[in-house]
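To start, the structure itself, in structure tokens.
FYI, it's all coordinate maths here, none of it is from the lab. Computed from a prediction, not measured in an experiment: that's the story for all the values here. Note that each Cβ is placed from the backbone with ideal geometry, even for glycine, and that neighbours are counted across all protein chains shown.
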Amino acid sequence: MRSDRRVKDRRVRRSVRLADALRLQLEAVRDDAGLRAVVIADDDGFEVAAVGDATQCAELAAVAPIVARGHIGDDARERLAREDVVVRAIPASVRLYVCAAGGTGSRGDALQRAGEGTKRILGL
């Protein structure tokens, strides 16, 4: 007996190109959480993918690994807190970080979603 039930995919926009797929994922997370910027950074502080103001994204990528490791001074920590910056490591076989600025609601959930989407898209 064949079922006509179709799985509803909540992703409306997609791409088979990795760079576009990551950007679309981050745009959805940014828009849903009301974030100003969302960045996936590598362990050297370079952008893997980003949405938001280009200058702010480059800055977020640069500080993400430093913040995630806790190697940051009090003055910098206070500045990042004032700018509503949060960073989380993405548990994967390579060191990646998701970093966001601004936002309303649960940014932790947004960062989790961005990290999970990144892992899925990159096959990690």
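Tabulated values for the structure
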item	result
Residue in region 70-90 that is of a type in the set (Gly, Ala, Ser), within 24 Å of ALA21 (Cα to Cα) and not in a loop (DSSP other than H, G, I, E, B) present	yes
Residues of region 101-120 that turn out to be buried (at least 20 other Cβ atoms within 10 Å of the Cβ) and among the polar types (S, T, N, Q), as a count	1
Residue match in region 103-113 (condition: touching a Leu at 6+ places or on another chain (Cβ under 8 Å), free of Cβ contacts under 8 Å to residues at least 60 places away in the same chain and in a loop (DSSP other than H, G, I, E, B))	no
In region 36-50, the residues that are small (Gly, Ala, Ser), touching a Ser or Thr at 6+ places or on another chain (Cβ under 8 Å) and under 16 Å from VAL85 (Cα atoms)	none
Residues of region 79-100 classified as within 14 Å of VAL39 (Cβ to Cβ), of a type in the set (Ser, Thr, Tyr) and surrounded by fewer than 18 Cβ atoms within 10 Å (Cβ to Cβ), total	0
Filter pass, ALA58 being surrounded by 14 or more Cβ atoms within 10 Å (Cβ to Cβ), part of a helix (DSSP H, G or I) and without any contact (Cβ under 8 Å) to a residue 12 or more places away in the chain	yes
